[in-house]
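Input: a single structure, listed below in structure tokens.
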Amino acid sequence: MNYTIHKLTELPDTLLPRLAEIHMGDRGLLSKLGYPFVLRYFEAAHKDPRVIGVYVQENDSSDVIGYGIASPEPESLTSQLTTDKGWFIKQIIKLLFTRPLVFVQLTISSITIKGQMNQTDSIECVYFSVDPNFRGQKIGRTIQKALMDEARKAGYKRMFASIETWNKASLSATLSNGFTIVKTFREGQYLRHRMESKL
Ligand SMILES: CC(C)(COP(=O)(O)OP(=O)(O)OC[C@H]1O[C@@H](n2cnc3c(N)ncnc32)[C@H](O)[C@@H]1OP(=O)(O)O)[C@@H](O)C(=O)NCCC(=O)NCCS
């Protein structure tokens, strides 16, 4: 299968829902918040000039089949979810009634990630994801490698990632790309490895 990796800045706005759809296959907190949050998150990432992002397009069909994003300040991306106060309050009230445990986790995660990225030469690999129909073909590993290359070109010296300990594919990709585990920590219901690589 042939595919091309593009910079996220080249993605037309009309394809943002496709990225959000792929992200819904991730078992992390953002997808648990629901599709409206995921779409808003990708809209914010697409507009943020500090985000380094890539997406993968299958050559024959032109379908988008994966993406990766990195940010020097992941907190600023999540905080953009609150920009439209009316929308945010409505979504949070809905969440409180329908999925209270996800609300509790959101609070814990917001506190945990505060100050996690405090070095100016570092960037976080925030998410990378591949459409389930195209997994296991080294695309995920290639996406993360592309993020590392772009981050290096942008002058960053180190990349960090937090990966849930059960996530064998993500861990294998990240270890293959030269990361090492620097610590293992609990973030509410999640047990994560904090991983780091020089760029
Ligand atoms: C994580 C993810 C992006 C990996 O993408 P992928 O294209 O399927 O993975 P790759 O084919 O590049 O394989 C990467 C490594 O994981 C291994 N792997 C792939 N699928 C695996 C599986 N189901 N179980 C165990 N290991 C697996 C591969 O053998 C490879 O190992 P190697 O680098 O030592 O050779 C993909 O599984 C995914 O989208 N998951 C949902 C979203 C997610 O969890 N993202 C990461 C957290 S931010």
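No value in this document is a laboratory result; all are computed from the given coordinates. This one's a predicted model, so the numbers in the text were calculated from it and none came from an experiment. Cβ sites come from the backbone with ideal geometry, for glycine too, and all protein chains shown count toward neighbours.
Summary table below
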| item | result |
| --- | --- |
| Contact order relative to length of the stretch 123-199, as percent, for alpha carbon pairs under 8 angstrom and 6 or more apart | 34 |
| The chain: relative contact order as a whole-number percent, Cα under 8 Å and 6+ apart | 20 |
| Approximate spin-label separation Thr9-Gln137, in nm, with each point projected 7 Å along Cα-to-Cβ | 2.8 |
| Within a Gaussian network of the chain (alpha carbon springs, distance under 10 Å), most fluctuating of Val54, Val126, Val182 | Val182 |
| MRE, 222 nm, helices only [DSSP H, n ≥ 4, -39500 (n - 2.57), over the chain, to nearest 500] | -12500 deg cm²/dmol |
| For the stretch 134-199 versus the stretch 65-83, the gap between their alpha-carbon centres in whole angstrom | 16 |
| Within-12-Å neighbourhood charge of Asp63 [Cβ basis; K, R +1; D, E -1] | -3 |
| Virtual paramagnetic centre 7 Å along Cα→Cβ of Asn167, amide N under 16 Å, in the stretch 52-67 | 54, 66-67 |
| Fewest-first ranking of Ser62, Ser79, Ser109, using other Cβ atoms within 10 Å as the exposure measure | Ser62, Ser79, Ser109 |
| Measure of compaction for the stretch 153-193 (Cα Rg per 2.2 N^0.38 Å) | 1.28 |
| Longest segment of the chain lacking trypsin sites (Lys or Arg not before Pro) that sit in a DSSP loop with at most 16 other Cβ atoms within 10 Å | 51-113 |
| Within a Gaussian network of the chain (alpha carbon springs, distance under 10 Å), most fluctuating of Gly34, Gly86, Gly178 | Gly86 |
| Where Rh is the Kirkwood radius over Cα pairs, Rg/Rh for the chain | 0.94 |
